[in-house]
Amino acid sequence: MNITDVKLFRTAFQKKEIILDRKQKVIFMGRSNVGKSTFINSLCDRKNLARTSSKPGKTISINYYLINEKFYFVDLPGHGYAKISKRESQRVKMLIYHFFEKIDRVALVIILIDSRRGFMNSDIELLSKIINKNYNILTVLTKSDKISYSHLLNQTTKLQEEFDLYAIPFSIKSAQNKYIILDYIEKALLISA
Ligand SMILES: Nc1nc2c(ncn2[C@@H]2O[C@H](COP(=O)(O)OP(=O)(O)O)[C@@H](O)[C@H]2O)c(=O)[nH]1
Ligand SMILES: [Mg+2]
């Protein structure tokens with residue numbers, strides 16, 4: 001798949017800003033600081049589309065990118081970041097809850113996992129909320145340059161065996177799996193069209 005056109009279409013801070021249209025959606029989720037913005041920027045070949053930051057927890061809206069005028073990449077707020085207020089974290093929780101209640105036409109959910117850490121409690125909590133919806137799920141192991149090849153193999157096997165999830169490593173330093181992931185997204189869009 002070639003991404004030829006990308007627009008930040010909507011930044012949703014509140015329930016009423018959540019998009020309810022019939023366009024297909026590819027959802028990106030993962031812990032804060034997992035490398036989600038970096039990953040989205042790389043897929044779209046844009047340097048500063050999604051904000052990257054070494055400060056975790058900056059994105060507290062749901063961001064919709066309209067791709068090729070056809071479907072959305074949906075960037076969900078990162079979970080598992082402790083340094084926001086209880087009130088704010090509750091607001092974000094409700095926003096995400098509402099998002100999954102109302103959403104139509106999910107083509108694919110991409111769950112980003114730091115390859116050094118694997119699944120953490122907050123990932124599992126999130127996964128448990130969406131697993132019964134029968135979404136097509138792809139796991140991407142980010143920052144794969146930070147661990148050895150054997151460790152990486154270990155992680156992918158574990159995700160497959162324990163959670164029945166297909167996992168692909170990704171690193172910004174050698175974005176070689178980028179095209180495999182883009183193809184996977186393209187297929188998911190076709191299958192669910
Ligand atoms: N070594 C390495 N660092 C990465 C990679 N991807 C992201 N990072 C770094 O991880 C930090 C968080 O990245 P960011 O994309 O902002 O994460 P987000 O909070 O999930 O959106 C930044 O300092 C990035 O430069 C990667 O593939 N390899
Ligand atoms: Mg980010």
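At-a-glance table
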| read-out | value |
| --- | --- |
| Residue among Ser85, Ser42, Ser32, Ser37 that alone is more than 12 Å from ligand 1 (Cβ to nearest atom) and among the small types (Gly, Ala, Ser) | Ser85 |
| Flag for Asn33 being over 29 Å from Leu190 (Cα atoms) and either away from ligand 2 (no atom under 16 Å from the Cβ) or in contact (Cβ under 8 Å) with a residue 24 or more places away in the chain (or both) | yes |
| Matching residues, segment 146-172, being over 19 Å from the mean Cα position of the chain (by Cα) and not β-branched (Val, Ile, Thr) | Lys146, Ser148, Tyr149, Ser150, His151, Leu152, Leu153, Asn154, Lys158, Glu161, Glu162 |
| Count - residues of segment 95-123 that are touching a helix residue (DSSP H, G or I) at 6+ places or on another chain (Cβ under 6 Å) and part of a strand (DSSP E or B) | 3 |
| Qualifying position, being in contact (Cβ under 8 Å) with a residue 12 or more places away in the chain, out of contact with any His (no Cβ under 6 Å at 6 or more places or on another chain) and surrounded by fewer than 21 Cβ atoms within 10 Å (Cβ to Cβ), among Lys93, Lys83 | Lys83 |
| Candidate set: segment 107-140, residues that are within 13 Å of Gly30 (Cβ to Cβ) and of a type in the set (Ser, Thr, Tyr); chosen: the one surrounded by the fewest Cβ atoms within 10 Å (Cβ to Cβ) | Ser122 |
| Qualifying residue in segment 13-21 (condition: on the phi > 0 side of the Ramachandran plot and at pLDDT below 95) | no |
| Test: residue in segment 88-107 that is aliphatic (A, V, I, L, M), modelled with pLDDT of 90 or more, closer than 25 Å to Thr4 by Cβ and away from ligand 1 (no atom under 14 Å from the Cβ) | yes |
| Residue identified as in a loop (DSSP other than H, G, I, E, B), in contact with a strand residue (DSSP E or B) (Cβ under 7 Å, 6 or more places away or on another chain) and not β-branched (Val, Ile, Thr) among Arg51, Arg10, Arg46, Arg22 | Arg46 |
| Which listed residue is surrounded by fewer than 16 Cβ atoms within 10 Å (Cβ to Cβ) and in contact (Cβ under 8 Å) with a residue 12 or more places away in the chain, from Asp75, Asp104 | Asp104 |
| Leading residue by the ranking (nearest to ligand 1 (Cβ to nearest atom)) among those in segment 45-62 that are more than 16 Å from Pro77 (Cβ to Cβ), surrounded by fewer than 18 Cβ atoms within 10 Å (Cβ to Cβ) and at pLDDT below 90 | Ser54 |
| Residue tally, condition more than 16 Å from ligand 2 (Cβ to nearest atom) and farther than 16 Å from Asp75 by Cα, over segment 103-121 | 7 |
| Any chance Lys143 is in contact (Cβ under 8 Å) with a residue 12 or more places away in the chain, of a type in the set (Lys, Arg), surrounded by 19 or more Cβ atoms within 10 Å (Cβ to Cβ) and under 19 Å from Gly78 (Cα atoms) | yes |
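Condition check ((1) among the aliphatic types (A, V, I, L, M); (2) closer than 17 Å to Leu20 by Cα) across all residues:
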position: Ile84; (1), (2): yes, no
position: Ser89; (1), (2): no, no
position: Val106; (1), (2): yes, yes
position: Arg116; (1), (2): no, no
position: Asn132; (1), (2): no, no
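The values are calculated or read from the model by the stated rules, or taken from the named source; none is laboratory data. A quick note: this is a predicted structure, and the numbers were derived from the prediction, not measured. For neighbour counting, all protein chains shown are included, and Cβ atoms are generated from backbone atoms with ideal geometry for every residue, glycine included.
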